[in-house]
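Throughout, read-outs are computed from the coordinates displayed, never taken from laboratory work. Computed from a predicted model, the values in this text were never measured in an experiment. Cβ: placed from backbone, ideal geometry, glycine included. Neighbour counts: every protein chain shown.
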Amino acid sequence: MDSGLAPREAWPALMARAQAGEREAYTQLLRAIVPAIRAIVRKQISDSVLVDDVIQDVLLTVHRVRHTYDPACPFLPWLMAIARARTVDALRRRGHHWLRETGDGQIAEEVSDNTPEDEEREEELAMILDQLPSRQRQIVEHIHLQELSLAEAAARHNLSIAAVKSLLHRALTNLRRMGANHGRS
């Protein structure tokens, strides 16, 4: 049963060829990763329309940050980090129901019970974080919002702990600078 999609093992090579400007390889890669993205997103979102929106957002993000991928590293963790970040963004923006797998394999549906003030603060936070470079934003989200350890964030991004610390320091410096500028306006 050949679906015509490139196997996961071929994704790093396809991305390397795409980074070198090979359009056919890039098209083949994008077609192949859509089912994986869908599976990642559907673990947290039940609304099929929102799932499709997030898939499109992930594909756009992959396009924008494709130069950051290192073909010597596994592709799937890089893609998963992007997909999870865009999923979280969509959930924050829309306040929809979301799905979470519990430890015993059951799926629990959770509903956002945010107040309008909470939603306003979350939107403001999202707008501020949107001003950070992509890598810095992802590190801040993973460490401060998702409460990953430095080691977990490093593994997710295929970086050293020192590199994660450096990105986090730069992100926090940028956020402080933005806050100081925001306070003056």
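Using the Cβ of Gln146 as centre and a radius below 11 Å, the other residues enclosed give a net charge of -1, where K and R count +1 and D and E count -1. All other residues whose Cβ lies under 12 angstrom from that of Leu30 are scored, Lys and Arg at +1 and Asp and Glu at -1, for a net of +2.
Electrostatic bookkeeping for Pro71 treats Lys and Arg as +1 and Asp and Glu as -1; over the other residues with beta carbon under 13 Å from its beta carbon, the sum is -1.
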